[in-house]
Amino acid sequence: MKTIPYSRQNINKNDIKEVIKVLGSDFLTQGPKLKEFEISLCKYTGASYAVAVSSGTAALHIACLAAGIKPGDEAITSPLTFLASANCILYCGADPIFSDIEPDTGNIDPVGLEKNISKRSKVIIPVHFAGHPCDLKAIRKIAKKYGLTVIEDAAHSLGAKYKNSKIGSGEYSDITILSFHPVKHITTGEGGAVLTNSKLLYDKLIMLRSHGVTKEKFNNVPHGGWYYEMQLLGYNYRLTNIQSALGISQLKRIEYFVKRRRNIAQRYNEAFLNNPYFYTPEEKDYAYSSYHLYPLRLKKEYISMRSRIFDGLRRCGLGVQVHYIPVYLQPYYSGLGFKKGLCPKAEGFYFSEISIPLFPGMKNSEVDTVIGNVRRAFSRL
Ligand SMILES: *Cc1c(COP(=O)(O)O)cnc(C)c1O
């Protein structure tokens, strides 16, 4: 029996052709495809600047550094996310603060945000869980009041919109990061990007991506053409020309990817309407979700049976997954002093959640298989 995974990349002939072309060219890394990919990302999202990097995690790291996060600072993020949204704060020697979620969207709740702000707060990192945008306007308002930088973790939400504003446009934030891991909306194998409208941040990000080095400013000083200068402690977070070629080709299909994801979500919505077992994801009136995930949330009576249901679905070939174990419950974070009970809504969400397969390459027959298997798994309880 072939398993239907919860997500999967979509690679076509053109993707392969473009990658092969680069392999025969002069540039394997740091070539013309990188700039072209960055320009395509700007065109699509509306951001002024894009810095493509080696992963979404690298994007988060240099975004935090560019925002000036340093030891002693605090940065607020969602507990219901992939580890990297909080680890990037630790990379900078700062302290992550977890602010609880809205129980329906799984996004950080702007209402609870203010009580987690202190004199040491510097940044808020909202995560658009499952592709459904956070209430960015409300978050922006609080950030402005306290002078905080907003870094959107948009790893789930390329192609989503908040009101009429595309995620990545930076209308409500300072920086947005993307991930191009194969489970995300477009892929470069591993990869990510940082988007911003600030030239100042852009210049820093470019240096941070590559060893903190710059050449550009020294063309006219009495040094030779070899001269470069390291101005800050950067990394090697470069995206290769090979990966960039794949990214360009993938981004050409983003509208189709998002539409197909939304179409599958719609099919699930209709199939599971008014079912007695679980809640299905809904879109708020301000949101156009890109449906990275389709998270089911079990109703109270069924929560204790979650692992039985999960195992049953896995046994019949559905690559279901749970998103997410609240980050602060991880042993490493317990070691830092975080305790169970910190964010009750995120913990409640975690205990009730199962993500069912959703990716653009799913056939309608596979969508029907998922629907049938989910119905059977619950009706047998
Ligand atoms: C995938 C993901 C990341 C990290 O991206 P990588 O490209 O895997 O490093 C960060 N945040 C969230 C919410 C993600 O889902």
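The values are calculated or read from the model by the stated rules, or taken from the named source; none is laboratory data. What you are looking at is a predicted structure, and each value in this text was computed from that prediction instead of being measured. Glycine also receives a Cβ, built like all others from the backbone with ideal geometry; neighbour counts cover every protein chain displayed. Protein only, heavy atoms only, side chains kept; ligands, DNA and RNA dropped before computing areas. Shrake-Rupley method; radii C 1.70, N 1.55, O 1.52, S 1.80 Å.
For n ≥ 4 DSSP H runs only, could you compute -39500 (n - 2.57) per run for the chain, divide by its residues and tell me the 222 nm figure to the nearest 500?
Computed ellipticity for the chain at 222 nm equals -11000 deg cm²/dmol.
Round to the nearest 10 and give me the degree value, 0 to 90, for the angle of helix 364-379's Cα axis relative to the longest principal axis of the chain.
50 degrees
If the elastic network links every pair of Cα atoms under 10 Å, which of 301, 353, 18 fluctuates the most in the Gaussian network model of the chain?
Result: 301 has the largest fluctuation of those listed.
Report the far tail of the P(r) of the chain, meaning the percent of Cα-Cα pairs longer than 26 Å.
Across the chain, Cα pairs with separations above 26 Å total 53 percent.
Given a Förster distance of 35 Å, report the FRET efficiency between residue 83 and residue 259 from their Cβ-Cβ distance, rounded to the nearest 0.05.
Calculated value: 0.70.
From the C-alpha coordinates alone, can you work out the Kirkwood hydrodynamic radius of segment 254-379, in Å?
For segment 254-379, inverting the mean 1/r across all distinct Cα pairs yields 15.8 Å.
What full-extension length gain, to one decimal in nm, is calculated for residue 3 and residue 308 as 0.36 nm per residue of separation minus the Cα-Cα distance?
In short, 108.0 nm is gained.
Please give the charge dipole size of segment 157-245, origin at the Cα centre, charges +1 on K and R Cβ atoms and -1 on D and E Cβ atoms. Round to the nearest 20 debye.
Using Cβ point charges on Lys, Arg, Asp and Glu, segment 157-245 gives about 200 debye.
Hey, if you put +1 on the Cβ of every Lys and Arg and -1 on every Asp and Glu Cβ in segment 9-251, which of 86, 63, 31 ends up farthest toward the positive end of that dipole?
Positive-end residue among those listed: 31.
Report the normalised scattering of segment 133-198 as log10 I(q)/I(0) at q = 0.14, 0.16, 0.24, 0.26 Å⁻¹, calculated by the Debye formula with identical scatterers on the alpha carbons.
-0.41, -0.52, -1.00, -1.11
Connecting C-alpha atoms closer than 10 Å in a GNM of the chain, tell me which of 369, 176, 240 has the biggest fluctuation.
It is 369.
So how far apart, in nm, are the two label points at residue 48 and residue 35 if each is 7 Å from Cα heading toward Cβ?
2.0 nm
In Å², and per residue, what accessible area does the chain have when probed at 1.4 Å with the other protein chains present?
Details: 16990 Å² over 381 residues.
Heavy-atom accessible area per residue stands at 45 Å².
Gain in length, residue 279 to residue 111, computed as 0.36 nm per residue apart minus the alpha-carbon separation, to one decimal in nm?
Once the chain is fully extended between residue 279 and residue 111, it gains 58.2 nm.
What's the longest uninterrupted piece of the chain once you rule out the trypsin sites (Lys or Arg not before Pro) that are loop residues per DSSP with at most 11 other Cβ within 10 Å?
It runs 216-338.
Rounded, prolate or oblate: which one fits segment 1-100, using the alpha carbon gyration tensor with axes a ≥ b ≥ c (rounded when a/c is under 1.5, else prolate when a/b beats b/c, else oblate)?
oblate
Tell me, in nm to one decimal, what length is gained between residue 21 and residue 138 on full extension, where the rule is 0.36 nm per residue of separation less the Cα-Cα distance? Show your work: numbers first, answer last.
Numbers: separation 117, 0.36 × 117 = 42.12 nm, distance 4.60 nm.
Here the segment from residue 21 to residue 138 would lengthen by 37.5 nm.
Where the accessible area of the chain is counted over protein heavy atoms with a 1.4 Å probe, how much of it, in %, is carbon and sulfur?
C and S atoms contribute 54 percent here.
Compute the Cα gyration tensor for segment 60-115, then decide on rounded, prolate or oblate, letting a ≥ b ≥ c be the square roots of its eigenvalues: rounded whenever a/c is under 1.5, prolate when a/b is larger than b/c in the other cases, and oblate in all that remain.
Values: a/c = 2.57, a/b = 1.79, b/c = 1.44.
Because a/c hits 1.5 or more and a/b exceeds b/c, segment 60-115 counts as prolate.
So for the chain, taking the charge dipole from beta-carbon charges (+1 Lys/Arg, -1 Asp/Glu), which of 14, 101, 151 sits furthest toward the positive end?
In the chain, that residue is 14.
Students often get this wrong, so check it: of 17/43; 43/161; 166/284; 144/259, which have C-alpha atoms separated by over 27 Å?
Cα-Cα > 27 Å for 144/259; rest within.
What shape does segment 44-165 have by the C-alpha gyration tensor, where a ≥ b ≥ c are the square roots of the eigenvalues, rounded means a/c under 1.5, and otherwise prolate means a/b greater than b/c and oblate the rest?
It comes out rounded by the Cα gyration axes.
Hey, what did the chain get for relative contact order, percent, Cα under 8 Å, at least 6 apart?
Relative contact order of the chain: 23 percent.
Between residue 228 and residue 90, how high is the FRET efficiency from 1/(1 + (r/R0)^6) when r is the Cβ-Cβ distance and R₀ = 22 Å? Nearest 0.05.
0.15
Taking every DSSP beta bridge with both residues inside segment 9-251, roughly what % is antiparallel (nearest 5)? Write out the running numbers ahead of the final one.
On the way: 18 of 32 bridges.
The answer is about 55 percent antiparallel.
With only alpha-carbon atoms in the gyration tensor, what are the semi-axes of the equivalent ellipsoid for segment 195-300, in Å, largest first? All intermediate terms of the calculation are to be shown ahead of the outcome.
Values: eigenvalues 462, 52, 30 Å².
Output for segment 195-300: semi-axes of 48, 16, 12 Å.
Could you name the lysines whose alpha carbon sits less than 22 Å from that of residue 2, not counting residues in the same chain fewer than 8 places away?
In chain and number order, the partners are 184, 363.
Of the residues 87, 269, 364, which exhibits the maximal mean-square fluctuation in a Gaussian network model of the chain defined by a 10 Å Cα contact cut-off?
364
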